[in-house]
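Worksheet: one structure, shown below.
The values are calculated or read from the model by the stated rules, or taken from the named source; none is laboratory data. Since the model is a prediction, treat every value here as computed from it, not as a measurement. Cβ sites come from the backbone with ideal geometry, for glycine too, and all protein chains shown count toward neighbours. Keep in mind that these areas ignore ligands, DNA and RNA; they rest on the heavy atoms of the full protein, side chains included. Shrake-Rupley method; radii C 1.70, N 1.55, O 1.52, S 1.80 Å.
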Amino acid sequence: MTSDTKPIFDPLADEGSAIDWNGLLTEILAAFDCSTGTIHTLDQDSQLLHLKAYQGIPEFLLPKMTVIPIGKGMAGVAAERKRPVQICNLQTDELGVARPSAKETKVKGSITVPLMLNSRLHGTLGIAKPVSYEFTSEEEETLMEIGEAISRKIVS
């Protein structure tokens, strides 16, 4: 991870602007040296996660990722548990947290964090690397802070 998260947090602190979902995801991926990522927001009425931004996801997988139920796949499980879920190597995972089609992304080290504010879920953020990798507790904490900043922007 690069030490500069300013390009991530500054736009989220700007109360007058809308979220540039794709730009935000690009900055997050760059900061954590990742190649693939998704941001989903939670529809509070339906309790379904809706895809807002993605990068590095094969087009044929998008229909499976556009709307995700709580509890399904890494995003759904992170949302259900309201805490980060990570897999060191998605290609060899046998825990069953990731959906079988997730292996088709060809990524290995992956983490999904819930977007939380005041104990309330607002969505998920998932990032991944093409190599086996275990995200550190510091990286996990920073991702949770980013999630809180995104959530603050969603509710404002």
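With protein chains left intact and a 1.4 Å probe, residues in the range 19-61 average 46 Å² of accessible area per residue.
Computed from phi, the 3J(HN,Hα) profile of the range 58-66 under the Karplus parametrisation 6.51, -1.76, 1.60 (θ = phi - 60°) reads x, 3, 5, 8, 4, x, 7, 10, 5 Hz, with x in place of Gly and Pro. Which net charge results for the neighbourhood of Asp20, defined as the other residues with beta-carbon distances under 15 angstrom from its beta-carbon, given Lys and Arg at +1 and Asp and Glu at -1? Neighbourhood net charge equals -2.
Can you tell me which of Gly73, Gly23, Gly37 moves the most in a GNM of the chain? Springs connect C-alpha atoms under 10 Å apart. Comparing Gly73, Gly23, Gly37 in a Gaussian network model of the chain, the most mobile one is Gly23. Fully extending the segment from Ser119 to Phe60, taken as 0.36 nm per residue of separation minus the present Cα-Cα distance, adds 17.8 nm. Please list, in chain and number order, the residues 5+ apart from Thr36 or on another chain whose amide H is under 5 Å from its amide H, with Hs placed from the backbone. Amide H neighbours of Thr36, under 5 Å, 5+ apart: Ala128.
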